[in-house]
Amino acid sequence: WSAARAAEWRPGLAGDGAAHGEIFASGHDAAGAALALALAQDRMRVAAGDPLAPAPGEQAWLWVQDAATIRLTGRPCRAGLPATLRHRLIHVAAKTPEDALFALEEGLRCRDLAFAIGEIAGNPRALGLTASRRLGLMVERHGVPLWLVRIDARRDLGSARMRWQAASAPSPPPCWNAQAPGTASWRAELFRARAHPCGEWILRDDGQTLLADRSPDIASLAAATPHPGDLADAAGAGSLAAG
């Protein structure tokens, strides 16, 4: 039991080699893109302790959306992004899934990118197992992490090392102002992973750390005592997309 427990995924394991991930999410909220950003930032925090990693703030990052995704979720809203990432965003609005995949492959060849996020709606023929393997090879060859968000898609075949199902979860109430936004929270199910057993977590990003709780009781988590920093961080916990 202890060995299985030790093998579980948890925030801060960004150096485990799982740099290619897929996140399945609904088009009715921004849970997929938000979780992708949270996982990317968690990986960057770990890399910041590596003396060979680029200095924080120097690298741009890529966000690619196809037209169907933009209709469902909207384009990125810079004001809703983490402050350290707003000025570094390169956004690509692609017309088709084929164009989006081409933009992602070209972006992954650029070693100067900190990471890449792609959003593609549904299960287009262009995004088959071969295309997924091509993306994985690009990640391994050039070292740019990729999180591909699948909007309103069924779980088809894919080569991503970690595959998630994401949905919004209630935020804990702020400490001082009950009307203020709470800490961004998600229910995240890891249903496929090469290095870790599958599992389900409530994940929260307080702006400085990605926190994980294995408890399945969302109602009790939402009523939990908030961190004193919740109110200060509330301004950075808004929606990541604007219609």
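The values are calculated or read from the model by the stated rules, or taken from the named source; none is laboratory data. Note that the structure is a prediction, hence the values are computed from the model and not measured. Every residue, glycine as well, gets a Cβ built from its backbone with ideal geometry; the counts of neighbours run over all protein chains shown. The accessibility values were calculated without ligands, DNA or RNA, using every heavy atom of the protein model including side chains. Shrake-Rupley method; radii C 1.70, N 1.55, O 1.52, S 1.80 Å.
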Inset, instruction - For the range 89-106, name all the residues that are part of a helix (DSSP H, G or I) and within 12 Å of Leu62 (Cβ to Cβ). - result: Ala100, Ala103, Leu104, Glu105, Glu106
Inset, instruction - Could you please let me know if Leu127 is modelled with pLDDT of 95 or more, farther than 21 Å from Arg204 by Cα and surrounded by 15 or more Cβ atoms within 10 Å (Cβ to Cβ)? - result: yes
Inset, instruction - Specify which of the listed residues (Ala60, Ala114, Ala47, Ala36) is surrounded by 15 or more Cβ atoms within 10 Å (Cβ to Cβ) and either of a type in the set (S, T, N, Q) or within 15 Å of Val149 (Cα to Cα) (or both). - result: Ala36
Inset, instruction - Scan the range 181-211 for residues that are of a type in the set (A, V, I, L, M) and open to solvent by 20 Å² or more (accessible area, probe 1.4 Å) and jot them down. - result: Ala184, Ala193, Ala195, Leu211
Inset, instruction - Determine, yes or no, whether Leu101 is buried (at least 16 other Cβ atoms within 10 Å of the Cβ) and either under 27 Å from Ala48 (Cβ atoms) or without any contact (Cβ under 8 Å) to a residue 60 or more places away in the chain (or both). - result: yes
Inset, instruction - Mind listing whichever residues of the range 74-85 are open to solvent by less than 10 Å² (accessible area, probe 1.4 Å), of a type in the set (A, V, I, L, M, F, W, C) and more than 16 Å from the chain's Cα centre (by Cα)? - result: none
Legend entry - Residue in the range 149-158 that is open to solvent by 50 Å² or more (accessible area, probe 1.4 Å) and over 20 Å from the mean Cα position of the chain (by Cα) present: no
Inset, instruction - Please indicate, with yes or no, whether at least one residue in the range 78-91 is within 15 Å of Val144 (Cα to Cα), in contact with a Phe, Trp or Tyr (Cβ under 8 Å, 6 or more places away or on another chain) and in contact (Cβ under 8 Å) with a residue 40 or more places away in the chain. - result: no
Legend entry - Pair list, Cβ under 8 Å, 6 or more apart: the range 134-147 residue closer than 18 Å to Gln59 by Cα, other residue open to solvent by less than 20 Å² (accessible area, probe 1.4 Å) and among the acidic types (Asp, Glu): Trp147/Glu22
Inset, instruction - Exactly one condition in (1) open to solvent by less than 20 Å² (accessible area, probe 1.4 Å); (2) out of contact with any strand residue (DSSP E or B) (no Cβ under 7 Å at 6 or more places or on another chain); (3) modelled with pLDDT under 75 is not met by Pro174; state its number. - result: (3)
Legend entry - Selection within the range 107-130 - within 20 Å of the chain's Cα centre (by Cα) and in a helix (DSSP H, G or I): Gly107, Leu108
Inset, instruction - Using the structure shown, decide if Arg71 is open to solvent by 50 Å² or more (accessible area, probe 1.4 Å), under 19 Å from the mean Cα position of the chain (by Cα), modelled with pLDDT of 90 or more and at negative phi. - result: no
Inset, instruction - Tell me, yes or no, whether the range 55-72 has at least one residue that is assigned to a loop (DSSP other than H, G, I, E, B), touching a helix residue (DSSP H, G or I) at 6+ places or on another chain (Cβ under 6 Å) and closer than 20 Å to Arg161 by Cα. - result: no
Inset, instruction - Quick one: count up the residues across the range 160-171 that are open to solvent by 20 Å² or more (accessible area, probe 1.4 Å) and either more than 13 Å from Arg204 (Cα to Cα) or not polar (S, T, N, Q) (or both). - result: 4
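Considering only the range 168-175, I want to know if a residue exists there that is more than 23 Å from Ser132 (Cα to Cα) and of a type in the set (A, V, I, L, M). Show your work before the answer.
Pass one, the range 168-175, residues more than 23 Å from Ser132 (Cα to Cα): 168-175.
If we keep only those that are of a type in the set (A, V, I, L, M) as well, we get 169.
Checking the range 168-175: at least one residue is more than 23 Å from Ser132 (Cα to Cα) and of a type in the set (A, V, I, L, M).
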